[in-house]
Amino acid sequence: EAGVAQSPRYKIIEKRQSVAFWCNPISGHATLYWYQQILGQGPKLLIQFQNNGVVDDSQLPKDRFSAERLKGVDSTLKIQPAKLEDSAVYLCASSLKRGPGELFFGEGSRLTVL
Amino acid sequence: QQQVKQSPQSLIVQKGGISIINCAYENTAFDYFPWYQQFPGKGPALLIAIRPDVSEKKEGRFTISFNKSAKQFSLHIMDSQPGDSATYFCAATGRGSTLGRLYFGRGTQLTVWP
């Protein structure tokens, strides 16, 4: 079974530039998550989708971050404009359903903002 | 505010020894407590999880001990091996509006010396 795919793996940009990350979840997984992992910290949820609808985006900095999940499969996370403090690994995860249960994480996209 | 507090930040154990990582939480609405293992350059992967209706769960060399009254839980790794060297995250989630949102601890970097 293929895992969660993410791209790009690495991205270096200058502050105020924009960047987009792509995620393809495990086939059949209804719930998709984007987590931000800053170096030395645990992952923090940015946004959660159930199929193609947003169910939790309370921790997403909406002035600069946006995300969509068209057709309830792939998802894209965008940052515009980027700040230095956005340097982190952006992890995409998916699960069969919303609620307690195993999350399957991708390898992440490491963003460095200079 | 850190919803889940984890200690120690780093741990060095001799091969064959016991590794113990502790976590504490405040939110009594949490009802699912997983541990995730993360290797460098990889996403976290579920190791073991427990619900508060049991005080202990064991899977192979990994055991979760849960103390509901103290709002604490811990991971014990018996017969620690060099291959166990990784970062371990405790996490918690509950019901309501935050259904599906995992709150992670800050992580414990475990090093097992051969």
Quiz item: Restricting the search to the range B:8-21, which residues are within 21 Å of B:Glu56 (Cβ to Cβ) and within 13 Å of chain A (Cβ to nearest Cβ)?
Solution: B:Ile21
Practice problem: State whether one or more residues within the range A:24-42 are open to solvent by 60 Å² or more (accessible area, probe 1.4 Å) and under 20 Å from B:Phe39 (Cα atoms). | Solution: yes
Quiz item: Is it true that some residue in the range B:20-41 is of a type in the set (Val, Ile, Thr), touching a Leu at 6+ places or on another chain (Cβ under 8 Å), closer than 18 Å to A:Leu103 by Cβ and at pLDDT 95 or above?
Solution: no
Quiz item: What do you reckon, is B:Gly16 on the phi > 0 side of the Ramachandran plot and out of contact with any Ser or Thr (no Cβ under 8 Å at 6 or more places or on another chain)?
Solution: no
Quiz item: Is one or more of the residues making up the range A:85-96 in contact with a Ser or Thr (Cβ under 7 Å, 6 or more places away or on another chain) and among the charged types (D, E, K, R)?
Solution: no
Quiz item: Which residues, taken from the range A:76-92, are more than 9 Å from chain B (Cβ to nearest Cβ) and open to solvent by less than 70 Å² (accessible area, probe 1.4 Å)?
Solution: A:Thr76, A:Leu77, A:Ile79, A:Pro81, A:Ala82, A:Asp86, A:Ser87, A:Ala88, A:Tyr90
Practice problem: Return the total of residues in the range B:54-83 being buried (at least 18 other Cβ atoms within 10 Å of the Cβ), farther than 27 Å from A:Leu45 by Cβ and in contact (Cβ under 8 Å) with a residue 40 or more places away in the chain. | Solution: 1
Quiz item: Does A:Val73 satisfy the condition of being within 14 Å of another protein chain (Cβ to nearest Cβ), of a type in the set (Val, Ile, Thr) and open to solvent by 10 Å² or more (accessible area, probe 1.4 Å)?
Solution: no
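Let's see how each residue does on (1) within 14 Å of chain A (Cβ to nearest Cβ); (2) out of contact with any helix residue (DSSP H, G or I) (no Cβ under 9 Å at 6 or more places or on another chain); (3) among the β-branched types (Val, Ile, Thr):
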{"residue": "B:Gln3", "(1), (2), (3)": "yes, yes, no"}
{"residue": "B:Cys23", "(1), (2), (3)": "yes, yes, no"}
{"residue": "B:Phe30", "(1), (2), (3)": "yes, yes, no"}
{"residue": "B:Lys42", "(1), (2), (3)": "yes, yes, no"}
{"residue": "B:Pro52", "(1), (2), (3)": "yes, yes, no"}
{"residue": "B:Lys58", "(1), (2), (3)": "no, yes, no"}
{"residue": "B:Ser69", "(1), (2), (3)": "no, yes, no"}
{"residue": "B:Gly105", "(1), (2), (3)": "yes, yes, no"}
{"residue": "B:Pro114", "(1), (2), (3)": "no, no, no"}
Quiz item: Restricting attention to the range B:43-53, and to residues there that are at pLDDT 95 or above and open to solvent by 10 Å² or more (accessible area, probe 1.4 Å), which single residue is farthest from A:Tyr90 (Cα to Cα)?
Solution: B:Ala49
Quiz item: Any idea how many residues of the range A:69-93 are under 10 Å from the mean Cα position of the chain (by Cα) and either over 22 Å from A:Ile38 (Cα atoms) or polar (S, T, N, Q) (or both)?
Solution: 2
Quiz item: Here is a list of conditions, (1) within 27 Å of B:Pro40 (Cα to Cα); (2) open to solvent by less than 20 Å² (accessible area, probe 1.4 Å), and A:Leu96 meets all of them except one; can you say which number that is?
Solution: (2)
Self-check item: Condition met for B:Ile20 (hydrophobic (A, V, I, L, M, F, W, C) and open to solvent by 40 Å² or more (accessible area, probe 1.4 Å))
Solution: yes
Practice problem: Can you tell me which residue within the range A:43-70, out of those that are modelled with pLDDT of 95 or more and out of contact with any strand residue (DSSP E or B) (no Cβ under 9 Å at 6 or more places or on another chain), is surrounded by the fewest Cβ atoms within 10 Å (Cβ to Cβ)? | Solution: A:Asp63
Quiz item: away from chain B (no Cβ under 14 Å) and in contact (Cβ under 8 Å) with a residue 60 or more places away in the chain - does that describe any residue in the range A:93-101?
Solution: no
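The values are calculated or read from the model by the stated rules, or taken from the named source; none is laboratory data. Since the structure is predicted, the reported quantities are computational estimates derived from the model, not experimental observations. No Cβ is skipped: glycine too gets one built from the backbone with ideal geometry, and neighbour counts run over all protein chains shown. Keep in mind that these areas ignore ligands, DNA and RNA; they rest on the heavy atoms of the full protein, side chains included. Shrake-Rupley method; radii C 1.70, N 1.55, O 1.52, S 1.80 Å.
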